[in-house]
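Worksheet for the structure shown next.
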Amino acid sequence: MPETAEQSRPTFLLVPGGHHGPWVYDRLRTVLDAHGWQSRTVTLRSAVRESDAAEPLPGMYDDAEVIRAALAEIPGPVVAVAHSYGGVPLTEALADASGVVHAVYVAAYLLEAGEGMFQTHGVPVPDSLAGLRPPENPDLNLPAAFYDGDPDSPETKEAVARLVPQTVRADYETVTRAGWHAVPTTYVVPDNDVSLTGTVAERMAARADFVRRVPGHHAPFYSHPEEFARVLMEIGEQATAR
């Protein structure tokens, strides 16, 4: 029996950024579901919820394993979507993945082999990669920068309250294989990204095959889920037609 158009559609695998959990994609997934698109997400191990977690804490390579496992479990084609830090482990995981028909980097780190996230900003690698970095980090990113930059916004306050510490190891571990070279890649630039990632977005976007610009802040799927969903669905339809 031939597949229907809906059955042949790819599934979106949604990878959150640092400090975040799958919850950040809930609004987007509601929209995708209403339009008949399947989506899944992952919980990255480097976003640590246990304050007494012991060393060695998980890092970027552990997150890549989580993504590889999720990709392996999804039947049929996949559009892999990564936000911010999530682009680093996705890049590492793509090298071993089959079934990914498109990769989407949303205000994310689109790195080459040998590059790490904070090294992209010229931050020197510390002597030790042990420890946790709290979301309240005035030297690199204020928590509200992940959203609209306004700490007094009720919506932003609600989201910031859900952030968790991130492992230092994940900040600096370097990509060994840039798997995005093997699949069509789109970079999404939000028009009001006041986060640290926004300072390198154009440089990262220049590496991608395609560039899309969307309304919203650093997490445009959170602030503008309808508009962002339309971009993803267009990419998904194009992947289905290939």
>> Taking loop as defined by DSSP and a crowding limit of 11 other beta carbons within 10 Å, which trypsin sites (Lys or Arg not before Pro) in the range 126-169 fit?
In response: none
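Can you classify the chain as rounded, prolate or oblate using the Cα gyration tensor, where a ≥ b ≥ c are the square roots of its eigenvalues, rounded means a/c under 1.5, and otherwise it's prolate if a/b beats b/c and oblate if not? If you can, show how the numbers build up before the last one.
Working: a/c = 1.60, a/b = 1.33, b/c = 1.21.
Since a/c reaches 1.5 and a/b is larger than b/c, the shape of the chain is classed as prolate.
Run the numbers on the chain and let me know its relative contact order in percent, using alpha-carbon pairs under 8 Å that are six or more apart.
Details: 506 pairs, mean separation 58.1, N = 242.
Relative contact order for the chain comes out at 24 percent.
Ignoring everything except DSSP H segments at least 4 long, calculate the 222 nm mean residue ellipticity for the chain; use -39,500 (n - 2.57) per segment, divide by total residues, nearest 500.
When only DSSP H runs of four or more count, the value is -8000 deg cm²/dmol.
List the GluC sites (Glu not before Pro) within the range 128-191 that fall in a DSSP loop (any state other than H, G, I, E or B) and whose Cβ has at most 15 other Cβ atoms within 10 Å.
E136
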>> Can you find, among T120, W180, N137, the residue sitting farthest towards the positive end of the charge dipole of the chain, where Lys and Arg contribute +1 and Asp and Glu -1 at Cβ?
In response: W180
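Heavy-atom accessible area per residue, the range 117-242, 1.4 Å probe: how many Å²?
Details: 5890 Å² over 126 residues.
Each residue of the range 117-242 exposes 47 Å² on average to a 1.4 Å probe.
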> Label D52 and D209 with points 7 Å out from Cα along Cα→Cβ: what is the distance between them in nm?
Replying inline: 4.9
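Report the local net charge at L142: Lys and Arg +1, Asp and Glu -1, summed over other residues whose C-beta lies under 14 Å from its C-beta.
Working: positive: R133, K157; negative: E136, D139, D148, D150, D152, D193.
My count for the surroundings of L142 gives -4.
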> Given 0.36 nm per residue, what is the gain on full extension from S8 to A241 after removing their alpha carbon distance, in nm?
Replying inline: 82.9 nm
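In a shell of Cβ-Cβ distance under 15 Å around P16, excluding P16 itself, what net charge do Lys and Arg (+1) and Asp and Glu (-1) give?
Numbers: positive: R27, R29, R40, R45, R49, R162; negative: D26, D62, D63.
Once positives and negatives cancel, what remains is +3.
Using only Cα atoms, figure out Rg for the range 152-195 and give it as a multiple of 2.2 N^0.38 Å.
Dividing the Cα Rg of the range 152-195 by 2.2 N^0.38 Å gives 1.73.
Order 45-58, 66-79 from most to least packed using the mean count of other Cβ atoms within 10 Å.
Going from most to least packed, we get 66-79, 45-58.
For the range 1-105, what % of the accessible area comes from carbon and sulfur atoms, probe 1.4 Å? Let's see the in-between values first.
Working: 2070 of 4220 Å².
Its accessible area is 49 percent carbon and sulfur atoms.
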> If packing is taken as the mean number of other Cβ atoms within 10 Å per residue, what is the order of 12-18, 187-193, highest first?
Replying inline: 12-18, 187-193
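How much net charge surrounds P89 when only the other residues with a Cβ under 10 Å from the Cβ of P89 are counted, with Lys and Arg +1 and Asp and Glu -1? List each step's numbers first, then the result.
Numbers: positive: R45, R68; negative: D62, D63, E65, E92, E173.
Value of the local net charge: -3.
The values are calculated or read from the model by the stated rules, or taken from the named source; none is laboratory data. Keep in mind it's a predicted model, so treat the numbers as computed, not measured. Positions of Cβ are backbone-derived with ideal geometry, glycine not excepted, and every protein chain shown enters the neighbour counts. Keep in mind that these areas ignore ligands, DNA and RNA; they rest on the heavy atoms of the full protein, side chains included. Shrake-Rupley method; radii C 1.70, N 1.55, O 1.52, S 1.80 Å.
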